[in-house]
Structures are given as C-alpha cells and as structure tokens.
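Take a look at the structure set out below.
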Amino acid sequence: AEGAVFSKSVETPHVRAEPFKELRLESPTRSLLMEAPKGIQILAEAGDIQAICRNELRLESKDGEISLDARRIRLMRLPEGKASTSSSSSGTRQTVYEVCVCPNGRLFLSQAGTGSTCQISNNVCL
C-alpha cells in the first residue's frame with residue numbers, strides 16, 4: 001500500500017504510477033539521483049511539475065544551455081537593490097524595474113531609469 005522500498009539502487013526502463021495515482025520518488029534520508037547517458041525527460045502533459053527543496057535548487061548544464069520556454073517566467077521575491085543617489089528618481093515612485101545580476105549570479109530588482117540602474121550602493125550582492 002505504501003509502494004516499494006529498495007535498499008540499493010534500482011535500474012529499470014520504465015517507472016509508472018497506477019492510473020489516477022500519484023507517482024512519488026523519494027529518498028527520506030539521502031539524495032535521489034537520476035542519470036542516463038542520453039538524457040532525462042520529465043513531462044506532465046496535463047498538469048504541473050514542481051521541484052521543491054529546503055535549500056538550493058540547481059539547474060546545471062555542463063556543455064550546453066538551459067532554456068526556459070514559456071509564455072511567462074515569474075521571478076518571485078527578488079530582493080530590491082537601492083540605486084545610487086546619482087540615478088535615483090525624483091519624488092514619484094516608479095513601477096518599472098530591471099532585473100540585475102550580481103557577479104556571484106544572484107538576481108535582484110532595481111528601479112528602471114533612463115540608463116541601467118544595476119550599480120547599487122547596498123549589500124544585495126554580498
């Protein structure tokens with residue numbers, strides 16, 4: 001009723017859940033590794049795919065690229081950097097932002113101006 005438990009690795013050409021049942025692959029105390037010499041495809045024809053983790057979610061391509069192909073890409077809860085005083089806007093609050101990238105790869109928002117406002121004067125990139 002709780003599925004199958006394997007004490008070692010498993011090799012199989014096909015993994016499928018029962019009709020109308022959820023398929024769940026989990027390793028409660030270690031990591032879960034899927035590898036294949038010709039790639040791995042995760043496909044949800046009629047639903048969503050979620051990847052949830054406590055710390056870091058990494059998408060890595062050793063020799064290729066990572067493509068995000070969607071009608072909308074939402075970057076939620078990005079920190080907002082403070083533009084340097086020379087490029088800050090006058091009293092009105094802007095609603096247009098640009099997405100900036102720190103040298104370490106961290107993304108943040110900065111109020112858009114006539115030129116780039118990614119040069120900041122706070123600790124967003126640290």
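The values are calculated or read from the model by the stated rules, or taken from the named source; none is laboratory data. Quantities reported herein were computed from a predicted structural model and do not represent experimental measurements. Quick reminder, even Gly has a Cβ in these numbers, built from the backbone with ideal geometry, and neighbours come from all protein chains shown.
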* **Sole exception among (1) under 30 Å from Arg106 (Cβ atoms); (2) basic (Lys, Arg); (3) over 20 Å from the mean Cα position of the chain (by Cα) for Lys62, by number** => (3)
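With the condition kept exactly as written, say whether any residue in region 68-81 is more than 30 Å from Ala4 (Cβ to Cβ), modelled with pLDDT under 90 and in a loop (DSSP other than H, G, I, E, B). Please lay out each step first, then the result.
We begin by selecting, within region 68-81, every residue more than 30 Å from Ala4 (Cβ to Cβ); these are 68-81.
From what's left, modelled with pLDDT under 90: 80-81.
Still in the list and also in a loop (DSSP other than H, G, I, E, B): 81.
Within region 68-81, one or more residues are more than 30 Å from Ala4 (Cβ to Cβ), modelled with pLDDT under 90 and in a loop (DSSP other than H, G, I, E, B).
Which members of region 84-116 meet the condition of being closer than 17 Å to Leu126 by Cβ and modelled with pLDDT under 70?
Quick first cut of region 84-116, residues closer than 17 Å to Leu126 by Cβ only: 84, 100-110.
Across region 84-116, the qualifying residue is only Ser84.
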